[in-house]
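Down below is the structure, laid out as structure tokens.
The values are calculated or read from the model by the stated rules, or taken from the named source; none is laboratory data. Predicted model, so just to flag it, every value in this text is computed and none were measured. Cβ atoms come from the backbone with ideal geometry, glycine included; neighbour counts cover every protein chain shown.
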Amino acid sequence: MSGGLARWAMSLVVAMLAGLTLFPLAWMLSVSLMSPLEAADLPPHLLPRAPTLMHYQTLWQRLDLPRYLANSLLLAAATTVLSLLFNTLGGYAFAKLRFVGRERLFRLLLATMVIPAQVGMLPLFLMLKQFGLVNTYAGVILPGMASVFGIFMIRQYARSIPDSLLDAARIDGAGEWRIFRSVVLPLCRPILVTLALFSFLGSWNDFLWPLIVLSDGDRYTLPVALANLLGEHAQDTELMMAGAVVTTLPAVLVFLLLQRHYLAGLATGALKE
Amino acid sequence: MRTPLWPPVNPALGFVAPALLLIALFFVLPVAAGLVLSFTDFDIYALGDLDRLRWIGFDNYRRLWNDPLVGRALGNTLYFTLVGGPLSVLCSLGAALLMTRPGLPGAAVWRTALFLPVVTSLVAVAVVWRYLYHPLYGALNHLMAWTGFEPIDWLGDARTGMPAILLLAVWKNFGFNMVIFIAGLQSIPARLYEAAALDGAGRWAQFRHVTLPMLAPTLAFVAIVTLIGHLQVFAEPYVMTQGGPADATLTVALLMYREGFRWWKLGYASALALMLFALILIGTGLQTWLRRRGARS
């Protein structure tokens, strides 16, 4: 019937769209496995003639890749743990604890979201320089340790925790910190996973701030190292592709493993406005 | 009054203080300092010796007004925002409409596939896109030659540089808004469509009179976020073209980075950053105003 045909046509369109979207990523992988200069063959071919891992070896042995990988992992992990801690504490307080000026303060925080980070970047750099934090891991992490967005996400979620639950714990004599640890945190698990994923990927892919703060090759993150490599080895297409794959793959894997949390969190965060 | 019932120190303070302190120290304070800095001639000499710092009033802003490079960067940024923004939103909406069609097999898998570019590092995908755009070996030119067109030096020609970067940006980002649109579309109650169909509304009429009005809040949110993101465009031109050829892809954020962190003209760069802020305020203000006017009529 025509219903079946329409469904086929729709699936075909969607498959083509997905193919087009994934093509650059697939080609990145393919070219990274080609022999030197094979990417300059005319006409270009889609698959490597004799797949080789030599470019990955070069990156690993000659170009210090493990170091950049470790830097990226360390910075992303530290940013994730710290920002999760501070944002959760703050977001929960804005949702459930009473203090003077709570609503006004929260509206003020939200209003700062239209200020582009660039305005504060130059003074922030001077500040870090003053404290000797330029070209250190701490300099990269510090500005990302708390964010209005993170506080907002936690607050939206924590508002759904029934007050009666918290009051019951208070009547049982539990202190606020105890309640936070044994009642609030377990209930907030889904949003914590989402937010952890957001900040891990955000930090992993961040480019501008690490580029500004890190001046020493030893501390470069993968994207900064890759951009630097692109300046020196732009002609080694296959080698650059291998570097791009190593930079992309961890983020893609983490996303694929936890995508349900990521996509659901993104949607609710946006719709709850 | 409830105040006397509170313990001497509100325990809430321990919860909010760390985050607020961090935001104040690493965001609010630098932003305020940026405003101050934009009225000084802070440069590489002041960086070494603070005594050289001078208060110069609106001089930076006056220079900015007369700097042809700023005009160029402003024009490019507006082009990227006004052409790229709507294009990106349209692609996201189109993809979301496809993804939410009833009876699409494997919708969740397709959605994940289309979202994948969002989680990649821009620097990494720029490597492959530069190769795709390569005048000699690039797949794009090969495709063009195949269909009978002359090869184009996509990133090396002032006319095609910006469109090429735009295309990369749309590819990289459309999945983000798509997911938000999907959630918005799925929250529209099915009975509205059923009622419209009963009234004899065709597919287009349903889209026009049910989908669009119900999607308006989502659309407004997406439009604002996209606008703010596009006005701040930096990494795309930085890794693809360094702002070239002939400044054809120089953007405000890229110029600010150059003036500030390459030439250490921190005062001037701060004025540029504030100009970017002003652009965002004007843009979001205009959008809110348009939406209000649209809602009234």
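Things worth noting here:
- Failed condition for B:PRO217, given (1) under 25 Å from the mean Cα position of the chain (by Cα); (2) assigned to a loop (DSSP other than H, G, I, E, B): (2)
- Some residue of the stretch A:105-121 being at pLDDT 90 or above and on the phi > 0 side of the Ramachandran plot: no
- Some residue of the stretch A:178-190 being facing chain B (nearest Cβ under 8 Å) and among the charged types (D, E, K, R): no
- Residues being facing chain A (nearest Cβ under 10 Å), small (Gly, Ala, Ser) and crowded, with 16+ Cβ neighbours inside 10 Å are represented in the stretch B:166-182 by at least one member.
- Checked against (1) surrounded by fewer than 18 Cβ atoms within 10 Å (Cβ to Cβ); (2) within 13 Å of chain B (Cβ to nearest Cβ); (3) over 23 Å from A:PHE125 (Cβ atoms); (4) touching a Phe, Trp or Tyr at 6+ places or on another chain (Cβ under 9 Å), A:MET240 passes all but a single condition, namely (1).
- Elements of type helices (runs of 4 or more DSSP H) contained in the stretch A:1-106, each with 2 or more residues being closer than 30 Å to A:LEU222 by Cβ and small (Gly, Ala, Ser): A:2-32, A:65-96
- Among the residues making up the stretch A:205-237, those that are assigned to a loop (DSSP other than H, G, I, E, B), more than 11 Å from chain B (Cβ to nearest Cβ) and modelled with pLDDT of 90 or more are A:LEU214, A:TYR220.
Listed here are the residues, each with its yes/no results for (1) touching a residue at least 40 places away in the same chain (Cβ under 8 Å); (2) more than 13 Å from chain A (Cβ to nearest Cβ); (3) within 19 Å of B:ALA235 (Cβ to Cβ).
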position: B:THR77; (1), (2), (3): yes, no, yes
position: B:GLY85; (1), (2), (3): yes, yes, yes
position: B:SER88; (1), (2), (3): yes, yes, yes
position: B:ALA95; (1), (2), (3): yes, no, no
position: B:PRO102; (1), (2), (3): no, no, no
position: B:TRP110; (1), (2), (3): no, no, no
position: B:ALA113; (1), (2), (3): no, no, no
position: B:THR120; (1), (2), (3): yes, no, yes
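- Top-ranked residue in the stretch A:12-40 [being more than 20 Å from B:HIS134 (Cβ to Cβ) and of a type in the set (Val, Ile, Thr); ranked as surrounded by the most Cβ atoms within 10 Å (Cβ to Cβ)]: A:VAL14
- If you go through the stretch B:231-281 and keep only what is more than 30 Å from B:TYR131 (Cα to Cα), at the interface with chain A (Cβ under 8 Å from one of its Cβ atoms) and touching a Phe, Trp or Tyr at 6+ places or on another chain (Cβ under 6 Å), you end up with just B:LEU266.
- Residue match in the stretch A:80-94 (condition: modelled with pLDDT of 95 or more and surrounded by fewer than 17 Cβ atoms within 10 Å (Cβ to Cβ)): yes
- The set of residues from the stretch B:140-154 being closer than 22 Å to B:GLY244 by Cα and within 12 Å of chain A (Cβ to nearest Cβ) comprises B:LEU140, B:ASN141, B:PRO151.
- Single condition B:ASN10 does not satisfy, out of (1) among the polar types (S, T, N, Q); (2) within 13 Å of chain A (Cβ to nearest Cβ); (3) assigned to a helix (DSSP H, G or I): (3)
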